[in-house]
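Written out below as structure tokens is the structure these notes cover.
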Amino acid sequence: MSSKNISNIYDLAYTYLGYSSLSRSPDIDKLIDESIKELDKIAQFNYIYQDFDYYLDFIKNNQVYLDFLNGSTHYYLVLMTLGKRVDDRVKYYSITDMKKMVVFDAVCGAYLEELSDNFENENFDELRTYRFCPGYQGTKTADLQDIFKILKPERIGVNILESNLMVPLKTMCGIIGFGKKMKKSCGKCDIKDKCEFRKRGMTCY
Ligand code: SF4
């Protein structure tokens, strides 16, 4: 896998922490740096994906997915995870060091995004959309259950609870459309009017 862009991880971790680019601190920088180094040692990045050229039922029955995929020639269901050891470390910090836990947790999210972007860039050379995860734009997280039945990510140690929570928690699961380019935007986001990121002049992506 190609090298990570550390600056992307910093930027996104600060975003998840709710800091604007002007309010960074050496103290948080140090915790982010330590977290990245720790993740380099313990993360077990893994993935699973499958290509489709027809609409699965949960897509066919929801106009939001249909609009998202409109113009795509095919799509992938994808799942990427940092593995169980990362969850264990978050739990450990939640008991031993709350401040570290909050920063570590944010870095985990940013680290997963960065590795997932790298994975896509190395494996897919077609035009493509961003990763649309069930739960965006008013879609139901219950759709993850449909995706799990197909991808069977238990094979790589990822399970889903009845509550639709994926375990390990540091897991991303969604849809990528191919044959057109589409970047994430706030346009159709269902929490646009009350979004805390936007209130601070930021976005979540
Ligand atoms: S920044 Fe806020 S409104 Fe925009 S996509 Fe992210 S969560 Fe939605």
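Every number in this text was worked out from the coordinates using simple rules, so none of it is lab data. Please read these numbers as outputs of a predicted model, since none were measured by experiment. Here the Cβ is made from the backbone with ideal geometry for all residues, glycine too, and neighbour counts use every protein chain on show.
Table for the structure above
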{"quantity": "In region 107-159, the residues that are touching a Pro at 6+ places or on another chain (Cβ under 8 Å) and buried (at least 19 other Cβ atoms within 10 Å of the Cβ)", "calculated": "ASP143, LEU144, ILE147, VAL158"}
{"quantity": "Breaking point among (1) in a helix (DSSP H, G or I); (2) under 20 Å from GLN50 (Cβ atoms); (3) not aliphatic (A, V, I, L, M), for TYR75", "calculated": "(1)"}
{"quantity": "Residues being of a type in the set (Ser, Thr, Tyr) and under 15 Å from LYS100 (Cβ atoms) - total across region 17-40", "calculated": "2"}
{"quantity": "Within region 144-198, tally of residues that are part of a loop (DSSP other than H, G, I, E, B) and not basic (Lys, Arg)", "calculated": "17"}
{"quantity": "Single unsatisfied condition, LYS37 versus (1) closer than 25 Å to TYR92 by Cβ; (2) in contact (Cβ under 8 Å) with a residue 40 or more places away in the chain", "calculated": "(2)"}
{"quantity": "Any chance LYS181 is over 28 Å from TYR47 (Cα atoms) and exposed (fewer than 13 other Cβ atoms within 10 Å of the Cβ)", "calculated": "no"}
{"quantity": "Residue in region 40-50 that is surrounded by the most Cβ atoms within 10 Å (Cβ to Cβ), counting only those that are of a type in the set (A, V, I, L, M) and in contact (Cβ under 8 Å) with a residue 60 or more places away in the chain", "calculated": "ALA43"}
{"quantity": "Of all residues making up region 190-201, the number that are touching a residue at least 12 places away in the same chain (Cβ under 8 Å) and either of a type in the set (Val, Ile, Thr) or near the ligand (Cβ under 7 Å from one of its atoms) (or both)", "calculated": "2"}
{"quantity": "Any chance ILE147 is away from the ligand (no atom under 16 Å from the Cβ) and within 26 Å of ASP67 (Cα to Cα)", "calculated": "yes"}
{"quantity": "Residues satisfying the stated conditions in region 78-95, i.e. touching a Pro at 6+ places or on another chain (Cβ under 7 Å) and more than 30 Å from TYR55 (Cα to Cα)", "calculated": "LYS84, VAL86, ASP87"}
{"quantity": "Among the residues listed as GLY138, GLY157, GLY187, GLY179, the single one being at positive phi, within 16 Å of the ligand (Cβ to nearest atom) and over 13 Å from the mean Cα position of the chain (by Cα)", "calculated": "GLY138"}
{"quantity": "Filtered residue count, region 58-72, keeping only those that are among the polar types (S, T, N, Q) and not in a loop (DSSP other than H, G, I, E, B)", "calculated": "1"}
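Conditions tested, residue by residue: (1) farther than 28 Å from GLY138 by Cα; (2) in contact (Cβ under 8 Å) with a residue 12 or more places away in the chain.
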| residue | (1), (2) |
| --- | --- |
| ILE6 | yes, yes |
| THR15 | no, yes |
| TYR19 | no, no |
| ILE28 | yes, yes |
| ILE32 | yes, yes |
| LYS60 | no, no |
